[in-house]
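The next block holds one structure in the form of structure tokens; read it before the comments.
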Amino acid sequence: MKKIIILLSACMFVLFSCSEDCQTTYTYETYLPVYKSPEELTPEISYEASRSLESPGKIYYYGNYILINEKNAGVHIIDNSDIQNPTKIGFISIEGNLDIALKGDFLYADDFYNLMVIDISDMQNPKITCTIPNIKEEAYFDEVRRAFIVDYEHVTEQIEIGCDEEAPFEIVVDGNTLFNTDLRFIDIAVEAQDVAIPGAPSGGGGSLARVAFINDNFYYVNNYAMKVFDASVLSKPDLLNTVYLDWGVETIFPYEDKIFIGANDGMHILDNSDPANPEYISTFRHARACDPVVVQDDIAYVTLRDGSECQNFINQLDVVDVQNIEEPQLIASFPMDNPHGLSVREETLYLCEGKAGLKVFDVSNLEEIDRNLLSHLKELEAYDVISLTPELLLMVGPGGFYQFDSSDPKSLKLLSSILIGE
């Protein structure tokens, strides 16, 4: 969860009405906390033969398996041996789950408060082998309610201001946009990808991931820190180190002997040549925004997105030269619609644009990426994407999970899908 000030964007509606007694009514959208007692946060899991996909979150691939997070509900486990016919083989119910990783027979999954290590060698009888409490560290405890704030509910509220009273917020002249400066501080959970295919990596997540396995180590980023575990014994990881960073940490992307951290206000770069002791190197700063990052050949691709959880109005792609790791330099910025996750392979960049679909760019000329759009799938809302091999692309969005033949980036061909309700 990230700490921000309420941002009410132009897509939210605001109604102004002045009555005879000179009052103005503002109708706006905001978020209210959801509470759970310590007893309710006791780690619990259960197995179901299968469940329909309703609110897909992050995806993770490993061997012949694909894991799809059902936001705040658990994990779909999918056999992807036949790419054209992926089969759901089970669902592990985990209330509050957002992030997942798999290695061997062990599933690493968080809930509202804990990180659980789950033995799934017997898929129909999963067992928790280890629980690491307070992995997120930002679970706020309300002393009055004696409960933790675990989530925020999206609601519509109204406030009436007399014409001779000073409004507790500023009205930004940008359509009907309001920027709340005094009413309430809130925390919002981030929104929230592994297959045994020739040429594919052994396992990993997408650009929105907060977790990663790197050899025998496991890494978990919360809002302001990175937890490093020795996972050589998968059933019982041992905490080695906590690396503290600025507030607003969102994503982790390992690349060679470096770790790139996407954060609200920039991209942090850490040296991971000593996996137990990652060391901070530098930060590429940008305007405050949601910030996934991927890296290839000393070039970092960073998406900046507006939205209430990002406290910003910018939608753009930043291309950054990280050859000099101590002084990353901006090469170019390109305006986008509403960029989310992304993936790069050789000279092709796959970029999820939310409701605007999936865009595919030729990035051979880094200064003219916006002029080299290869294809655009406008009909599918896209959140995150993984170029697993030159021929296989995985994508997830609110409509479901999709696999494409990407051998020709100019003409992606749908191979299979698991849609909402299936």
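The values are calculated or read from the model by the stated rules, or taken from the named source; none is laboratory data. Bear in mind the structure is a predicted one, so any value in this text is a computation, not a measurement. Neighbour counts run over all protein chains shown; Cβ positions are idealised from the backbone, glycine included.
Tabulated data
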{"quantity": "Filter pass, Leu67 being in contact with an Asp or Glu (Cβ under 9 Å, 6 or more places away or on another chain), in a loop (DSSP other than H, G, I, E, B) and not polar (S, T, N, Q)", "calculated": "no"}
{"quantity": "Sole exception among (1) crowded, with 17+ Cβ neighbours inside 10 Å; (2) farther than 24 Å from Leu366 by Cβ; (3) modelled with pLDDT of 90 or more for Leu245, by number", "calculated": "(3)"}
{"quantity": "Residues of segment 75-89 that turn out to be over 18 Å from Lys58 (Cβ atoms) and touching a strand residue (DSSP E or B) at 6+ places or on another chain (Cβ under 6 Å), as a count", "calculated": "5"}
{"quantity": "Scan of segment 332-342 for residues that are assigned to a strand (DSSP E or B) and buried (at least 24 other Cβ atoms within 10 Å of the Cβ), ordered by number", "calculated": "Leu342"}
{"quantity": "Test: residue in segment 211-220 that is of a type in the set (A, V, I, L, M) and either over 25 Å from Leu245 (Cα atoms) or modelled with pLDDT under 50 (or both)", "calculated": "no"}
{"quantity": "Search result, residues across segment 45-84 that are under 23 Å from Cys352 (Cα atoms) and surrounded by fewer than 20 Cβ atoms within 10 Å (Cβ to Cβ)", "calculated": "Glu54, Ser55, Lys71, Asn72, Ile83, Gln84"}
{"quantity": "The one condition in (1) closer than 21 Å to Asp79 by Cα; (2) in a loop (DSSP other than H, G, I, E, B) that Ser411 fails to fulfil", "calculated": "(1)"}
{"quantity": "Tabulated pairs, segment 35-64, first on the phi > 0 side of the Ramachandran plot and assigned to a loop (DSSP other than H, G, I, E, B), second among the hydrophobic types (A, V, I, L, M, F, W, C) and at pLDDT below 85, C-beta under 6 angstrom, 6+ apart or interchain", "calculated": "Gly63/Ala196"}
{"quantity": "Qualifying strands (runs of 3 or more DSSP E) (wholly inside segment 201-264; at least 1 residues being under 16 Å from the mean Cα position of the chain (by Cα))", "calculated": "203-205, 211-214, 217-221, 225-230, 249-255, 258-263"}
{"quantity": "Failed condition for Ala332, given (1) modelled with pLDDT of 95 or more; (2) under 20 Å from the mean Cα position of the chain (by Cα)", "calculated": "(2)"}
